[in-house]
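Trainee: Following this message is one structure expressed as structure tokens.
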Amino acid sequence: MLGLGADLLWADMNRLLAFLFHQGVLDEQFLQLQQLQDDTSPNFVSEVVNIYFHESEKLLRNLRALLTEREFSDYKKMGIHLNQFMGSSSSIGAKRVTNVCVAFRAATEQNNRAGCLRALEMLEHEYCYLKNKLHELFQIEQQRALAAGVRYPVVQN
């Protein structure tokens with residue numbers, strides 16, 4: 001039987017997930033990712049998401065470096081980085097990040113440097129928001145798992 005603390009943490013997780021879905025931060029792909037997690041791989045989702053964060057940080061640095069070059073003109077290379085970012089974001093269900101990538105790619109296709117800079121700022125903002133919220137979710141999940149593992153001794157009279 002789960003302890004009361006674990007039940008409350010489970011409810012907190014569900015509320016946070018519902019909020020993230022309602023806000024369009026996540027989509028059903030995240031739920032599919034969660035369904036792949038089981039007792040044999042209890043940290044599957046957080047491990048996949050942490051790989052995503054690691055790779056995304058590199059892609060964001062590359063995008064920023066390209067845009068800050070004085071003689072920037074390689075919109076095609078930027079599009080390649082965006083396609084990678086968009087694909088990995090989509091695969092974990094990061095809906096708002098994916099949508100910003102689409103808008104960013106449109107700016108690259110128009111060779112619009114100012115539009116690309118604005119899109120990069122939006123992308124960094126959405127990415128940071130996603131990262132903070134998923135870290136919060138994983139912390140609650142970890143607390144819930146710890147609380148669920150606590151067994152209280154049965155007091156016999």
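The values are calculated or read from the model by the stated rules, or taken from the named source; none is laboratory data. Predicted, not measured: the structure shown is a model, and the values here were computed from it. Glycine gets a Cβ as well: all are built from the backbone with ideal geometry, and neighbour counts include every protein chain shown. When the accessible area is computed, the model is the full protein with side chains, heavy atoms only, and any ligands, DNA or RNA have been set aside. Shrake-Rupley method; radii C 1.70, N 1.55, O 1.52, S 1.80 Å.
Trainee: ASN111 versus GLN34, label points 7 Å from Cα toward the beta carbon: distance in nm?
Mentor: 4.6
Trainee: If you don't mind, another one. Taking loop as defined by DSSP and a crowding limit of 16 other beta carbons within 10 Å, which GluC sites (Glu not before Pro) in region 59-134 fit? Could the numbers behind the result be given before it?
Mentor: Details: sites: GLU69, GLU71, GLU109, GLU121, GLU124, GLU126; in loops: GLU69, GLU71.
Those that pass, being in a loop and sparsely packed, are GLU69, GLU71.
Trainee: Counting other Cβ atoms within 10 Å, which trypsin sites (Lys or Arg not before Pro) in region 60-157 have at most 14 and lie in a DSSP loop? The partial results should precede the final answer.
Mentor: Numbers: sites: ARG61, ARG64, ARG70, LYS76, LYS77, LYS95, ARG96, ARG105, ARG113, ARG118, LYS131, LYS133, ARG144, ARG151; in loops: ARG70, ARG151.
Those that pass, being in a loop and sparsely packed, are ARG70, ARG151.
Trainee: If you split all Cα-Cα distances of the chain into 10 Å bins from zero, what percentages do you get per bin, shortest first?
Mentor: All Cα pairs, binned at 10 Å, distribute as 10, 35, 26, 16, 8, 3, 1, 0, 0 percent.
Trainee: Here's something else I'd like to know. Based on DSSP H runs of at least 4 residues, each adding -39500 (n - 2.57), what is the mean residue ellipticity at 222 nm of the chain after dividing by all its residues, to the nearest 500 deg cm²/dmol? Don't skip to the answer; put the middle values down first.
Mentor: On the way: 6 runs with 122 residues, N = 157.
So the helix-based figure for the chain works out to -27000 deg cm²/dmol.
Trainee: Got a number for the accessible area of ILE80? Probe 1.4 Å, square angstrom, nearest 10.
Mentor: Result for ILE80: roughly 90 Å² accessible.
Trainee: Once Rh is set to the Kirkwood radius over Cα pairs, what Stokes-Einstein translational diffusion coefficient, in µm²/s, holds for region 98-152 at a temperature of 20 °C and a viscosity of 1.002 mPa s? Please report the intermediate quantities before stating the final value.
Mentor: On the way: Rh = 13.5 Å.
D = 159 µm²/s.
Trainee: State the Kirkwood hydrodynamic radius of region 1-54 in Å, one decimal place, computed from all pairs of distinct Cα atoms.
Mentor: Numbers: mean 1/r = 0.0793 Å⁻¹.
Over region 1-54, the inverse of the mean reciprocal pair distance is 12.6 Å.
Trainee: Check every DSSP H run in the chain and write down those whose alpha carbon atoms cover 15 angstrom or more along the long axis and whose mean Kyte-Doolittle hydropathy is -1.0 or greater. Intermediate results must be reported in sequence, preceding the final value.
Mentor: Working: long enough: 4-22 (27 Å, 0.85); 44-68 (36 Å, 0.25); 75-92 (26 Å, -0.22); 95-109 (21 Å, 0.13); 113-149 (53 Å, -0.35).
Membrane-span-like by this criterion, though nothing is claimed about a membrane: 4-22, 44-68, 75-92, 95-109, 113-149.
Trainee: While we're here: Return the ratio Rg/(2.2 N^0.38 Å) for region 60-144, where Rg is computed over Cα atoms only.
Mentor: On the way: Rg = 14.3 Å, N = 85, 2.2 N^0.38 = 11.9 Å.
In units of the 2.2 N^0.38 Å rule of thumb, it is 1.20.
Trainee: For HIS135, HIS22, HIS54, HIS81, give me the order by solvent-accessible area with a 1.4 Å probe, most accessible first, ignoring ligands, DNA and RNA.
Mentor: On the way: HIS135 75, HIS22 150, HIS54 110, HIS81 25 Å².
Ranked from most to least accessible, the order is HIS22, HIS54, HIS135, HIS81.
Trainee: Right, next: Aspartates and glutamates within cross-link reach of LYS77: Cα-Cα under 12 Å, excluding same-chain residues under 8 positions apart?
Mentor: GLU109
Trainee: Can you tell me, using C-alpha contacts under 8 Å and at least 6 residues apart, the relative contact order of the chain as a whole percent? Kindly include the intermediate steps, with their values, before the conclusion.
Mentor: Working: 131 pairs, mean separation 57.5, N = 157.
Relative contact order here is 37 percent.
Trainee: Among the aspartates and glutamates, which fall within straight-line cross-link reach of LYS133, defined as a Cα-Cα distance under 19 Å, with same-chain neighbours fewer than 8 residues apart omitted?
Mentor: Partners found: ASP12, ASP27, GLU28, GLU47, GLU55, GLU57, GLU121, GLU124, GLU141.
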